[in-house]
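Asker: Have a look at the structure that comes next, please.
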Amino acid sequence: IAQSSNIGMIKISERLEGQIIYDGLMNFGMSQKTGIDLPYEQSGNIPSIKSLNNKIYKATISYGYGAQMTFLQMLNAYTVFNNGGVMISPRIVENLENNGKIYTVNESETRQVVSKNTADVIKGILIKTVESGTGRKGRVAGLQIGGKTGTARIAKGGGYSSAYNSSFFGFVNDADSSYTIGVLVREPKKGSYYAAQNALPIFRRTVEMMVKEGYLKPAADANATQKVEIKDEAVEIKD
C-alpha cells in the first residue's frame, strides 16, 4: 500500500474468495447510498460474487478497477480507519430552522465495520504511506497524516480511455481534532497525471489552510503526533 503496488494487491486478492471480497466492499458501503442529507445521491456498482471468483475481476478490483464508487462513498470509507473501525453516516446539518421552529434531521447511524485492531493496523500503514511512501508530499510537520494516492484511467464506451482521474483520500489529526479529507482531480491537464503530483499537493494546501484558520494545531514538537508504531510481523485479520 505504501508503495502503491498493484502486484502486491493482486497477490493479496488471490488468497480471498469472491464472497469475502464482495462482503467486504458491501460492509464498507460500496454500491449503497451513504444516506447523506442531500438529493440525487448515486449508489455506484460493484461486480457480482460470481465475477469476483474470476481471477481477472478479482485482480483488477484489488487495485480499484472494475467498479464504480462515488466520491462520498470513498470519503466515508476512509473515516473508518481513523475512527476505530466505526462508520458514521455523513450529515451536512444537525437540524433545520424555519420561523423559529426547529426541525430535526435524521440522526447519523453508527456501525462497526471492522475491529479496532484491524482499523489501527490499516491506519498505521496509511500513515507510513505519507511518511515514506507515495504520499510524502502530504506531510505537514506536527500533524498525524495518513492516506492513499489513487491514479486511474477513466472508463468510457465499455473500456478505459487515455484520460485519468487522480485522487488522494486521507485523514489529519492533531491532539484534539480529526478530519477526513478527499481530493479528486479529473483529467489533470498540467504536468503528470499521477495523484502524487496533483491531488496530493491540494490535500496538503487544504491542511495548511486549516492550520492557518485554527481548525488544526500542530504539536510544538514537529514529530510528536506523526509517530506511529508499525510492528514488522504478520497480523491475523479476522473481520
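The values are calculated or read from the model by the stated rules, or taken from the named source; none is laboratory data. All values derive from a computational prediction rather than experimental measurement. A quick note on method: Cβ atoms are made from the backbone with ideal geometry, for glycine too, and the neighbour counts reach across all protein chains shown. Remember, those area values only see protein heavy atoms, side chains included, never the ligands or the DNA or RNA. Shrake-Rupley method; radii C 1.70, N 1.55, O 1.52, S 1.80 Å.
Asker: What's the extension gain from Ala152 to Glu14 if we count 0.36 nm per residue and subtract their Cα-Cα distance?
Answerer: 47.6 nm
Asker: Extension gain Met209-Ile92, at 0.36 nm per residue separation less the Cα-Cα distance, in nm?
Answerer: Details: separation 117, 0.36 × 117 = 42.12 nm, distance 2.09 nm.
Once the chain is fully extended between Met209 and Ile92, it gains 40.0 nm.
Asker: Just to verify a number: FRET efficiency for Lys137 and Val105, C-beta to C-beta distance, R0 = 30 Å, to 0.05?
Answerer: Numbers: r = 37 Å, r/R0 = 1.25.
My answer for the efficiency is 0.20.
Asker: Another question about this same structure. Can you give the accessible area of Thr129, probe radius 1.4 Å, in Å² rounded to 10?
Answerer: Answer for Thr129: close to 0 Å² accessible.
Asker: Per-residue ellipticity at 222 nm for the chain, helices alone: DSSP H runs ≥ 4 residues times -39500 (n - 2.57), over residue total, nearest 500 deg cm²/dmol?
Answerer: Details: 7 runs with 76 residues, N = 239.
Counting only the DSSP helices, I get -9500 deg cm²/dmol.
Asker: Classify the chain as rounded, prolate or oblate, taking a ≥ b ≥ c as the square roots of the eigenvalues of its Cα gyration tensor: rounded when a/c is under 1.5, otherwise prolate if a/b is larger than b/c and oblate if not. Display every interim value, and only then the final one.
Answerer: Details: a/c = 1.35, a/b = 1.12, b/c = 1.20.
It is rounded, given that a/c, with a ≥ b ≥ c, falls under 1.5.
Asker: Specify whether the C-alpha gyration tensor of segment 1-131 places it in the rounded, prolate or oblate class, a ≥ b ≥ c being the square roots of the eigenvalues: rounded for a/c under 1.5, otherwise prolate if a/b is larger than b/c and oblate if not.
Answerer: Values: a/c = 2.59, a/b = 1.74, b/c = 1.49.
Since a/c reaches 1.5 and a/b is larger than b/c, the shape of segment 1-131 is classed as prolate.
Asker: Taking loop as defined by DSSP and a crowding limit of 12 other beta carbons within 10 Å, which GluC sites (Glu not before Pro) in segment 46-139 fit? Can you show the working numbers first?
Answerer: Working: sites: Glu94, Glu97, Glu107, Glu109, Glu131; in loops: Glu94, Glu107, Glu109.
Listed in order of number, the matching sites are Glu94, Glu107, Glu109.
Asker: Taking θ = phi - 60°, what integer Hz values does the Karplus form 6.51 cos²θ - 1.76 cosθ + 1.60 yield along segment 74-86, in sequence order, with x for Gly and Pro?
Answerer: Going residue by residue, I get 5, 4, 5, 5, 5, 5, 4, 5, 9, 9, x, x, 9 Hz, with x marking Gly and Pro.
Asker: Picking from Asn98, Asn45, Asn27, which is most flexible by a Gaussian network model of the chain using Cα springs under 10 Å?
Answerer: With Cα springs under 10 Å in the chain, the top fluctuation among Asn98, Asn45, Asn27 is at Asn98.
Asker: Before I look further, what does segment 31-155 give for accessible area per residue, probe 1.4 Å, in whole square angstrom?
Answerer: Details: 6910 Å² over 125 residues.
Value for segment 31-155: 55 Å² per residue.
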